[in-house]
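Right, I'll just put the structure down here and ask away after.
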Amino acid sequence: MEEGKQPYILPPLSVLLVPETLRRRWLEGGTLVAKVEILGLGCSRCRLLEELVREVVAEQSVPAEVERVTDVGRIASFGVFSLPGLVIDGKVVATGSVPSKRRIAEWLG
């Protein structure tokens, strides 16, 4: 192996067998992290959804990367035309309304 290069480490088999809807990104250090995207242009419901998601992540200690997506083209690429939208690990789970904290926690669980 070349000096200074780290070997590529595969995630455990259990991670590879997780269903698509629950798949998490495998990050360096062996931590599985959910990628959560809040789709919205900054309206009050979009901001509320982001606040609720961040509260659930903090309260449940969910390893997650939360990102606000405001680019109309990127939002449309998800097939979302009713805002706000919530995407977890690339899957659209909610559009057009603000789900409850309990429902968000179920999706992130």
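The values are calculated or read from the model by the stated rules, or taken from the named source; none is laboratory data. Predicted model only: the values in this text are computed from it and were never measured. Cβ sites come from the backbone with ideal geometry, for glycine too, and all protein chains shown count toward neighbours.
May I ask you to say which residue of Leu52, Leu41, Leu48 is assigned to a loop (DSSP other than H, G, I, E, B), modelled with pLDDT of 60 or more, under 16 Å from Leu86 (Cα atoms) and out of contact with any strand residue (DSSP E or B) (no Cβ under 9 Å at 6 or more places or on another chain)?
None of the other options fit; the residue is Leu41.
Examine the range 56-79 for a residue that is acidic (Asp, Glu), assigned to a helix (DSSP H, G or I) and more than 14 Å from the chain's Cα centre (by Cα), and state whether such a residue exists.
Yes: one or more hits.
Tell me which residues, restricted to the range 60-96, are touching a residue at least 24 places away in the same chain (Cβ under 8 Å) and out of contact with any strand residue (DSSP E or B) (no Cβ under 9 Å at 6 or more places or on another chain).
Selection gives Gln60, Val72, Lys91.
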